[in-house]
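One structure, pasted below without further comment.
The values are calculated or read from the model by the stated rules, or taken from the named source; none is laboratory data. For clarity, every value in this text was computed on a predicted model and none was experimentally measured. Glycine gets a Cβ as well: all are built from the backbone with ideal geometry, and neighbour counts include every protein chain shown. SASA here: full protein model, heavy atoms, side chains in, ligands and nucleic acids out. Shrake-Rupley method; radii C 1.70, N 1.55, O 1.52, S 1.80 Å.
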Amino acid sequence: MLTVGLTGGIGAGKSEVSRLLVECGAVLIDADRIAREVVAPGTPGLAAVVDAFGEEVLTPDGSLDRPGLGSVVFADPEKLAVLNSIVHPLVGARSRELEAAAAEDAVVIHDVPLLTENGLAPLYDLVIVVDARPETQLERLVGRRGMSEEDARARMAAQATREQRREIADIVVDNDVPLHELEQRVKEVWAELVRRARTPAKPPREQQE
């Protein structure tokens with residue numbers, strides 16, 4: 001099994017890259033999707049979030065108001081740290097369960113938005129960073145996701161810098177390109193991942209450092 005951490009700034013196009021990798025044959029473990037599952041109605045995760053932030057973070061049907069909570073925490077580093085301390089351990093535990101269920105020869109892609117911020121690179125055999133210019137990120141967030149420019153900039157500022165992400169990258173995927181070029185680049189990356197998956201196992205990154 002080859003474990004790969006996939007990350008990138010908000011609006012960089014990481015989801016598109018993960019989709020293309022799945023088409024190639026990768027097993028995807030999506031931290032964002034798991035993060036939603038662990039705070040679904042009736043879960044201990046949601047109860048902990050409500051204890052920390054109050055019932056105003058709930059919608060009328062009792063589910064988490066993710067946009068409302070996001071607008072609060074992404075503008076306040078301390079509140080963001082509190083939310084992360086609740087959600088991240090739950091996401092990590094579920095991710096490990098899913099990885100353990102994958103085939104022995106699988107290429108497992110962990111789609112982790114905050115991989116850089118949380119120092120998670122040593123957990124994976126290698127790290128792929130999807131990179132885009134900040135101007136491109138902002139354009140996508142405002143134009144495609146309908147965020148206000150203020151909210152988009154706040155969310156970008158709450159994440160690691162472009163330079164910090166690139167520092168931990170084993171492979172960088174440039175996503176300031178047309179889709180057909182991105183598709184070709186992902187195919188090249190997939191070929192490299194398959195090659196690495198077939199080579200003899202090496203000690204984890206954390207043991208090599």
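Of all the stretches in the chain, which is the longest one without any exposed loop site, taking trypsin sites (Lys or Arg not before Pro) in a DSSP loop (any state but H, G, I, E, B) with at most 16 other Cβ atoms within 10 Å?
Longest gap between qualifying sites, sites excluded: 1-143.
Which percent of the accessible area of the chain is formed by carbon and sulfur heavy atoms (probe 1.4 angstrom)?
In the chain, the share of accessible area belonging to carbon and sulfur is 51 percent.
Sorted from largest down, give the three principal axis spans of the alpha carbons of the chain, whole angstrom values.
51, 37, 32
Relative contact order of the chain: what whole-number percent is it, with Cα pairs under 8 angstrom and at least 6 residues apart?
Averaging sequence separation for qualifying contacts and normalising by length gives 36 percent for the chain.
Cα gyration tensor of the stretch 106-186, axes a ≥ b ≥ c as square roots of the eigenvalues: rounded (a/c below 1.5), prolate (a/b > b/c) or oblate?
Oblate, because a/c is 1.5 or more while a/b does not exceed b/c.
Go ahead and estimate [θ] at 222 nm for the chain from helices alone: -39,500 (n - 2.57) per DSSP H run with n ≥ 4, summed, over the residue count, rounded to 500.
Mean residue ellipticity at 222 nm (helix-derived): -15500 deg cm²/dmol.
For LEU28 and ALA100, FRET efficiency with R0 = 22 Å and r from the beta-carbon atoms, rounded to 0.05?
It comes out at approximately 0.90.
Using the heavy atoms of the protein chains alone and a 1.4 angstrom probe, what is the accessible area of the chain per residue in square angstrom?
54
Top to bottom by accessible area (1.4 Å), largest first, where do THR7, THR116, THR199 land?
Ranked list, largest accessible area first: THR199, THR116, THR7.
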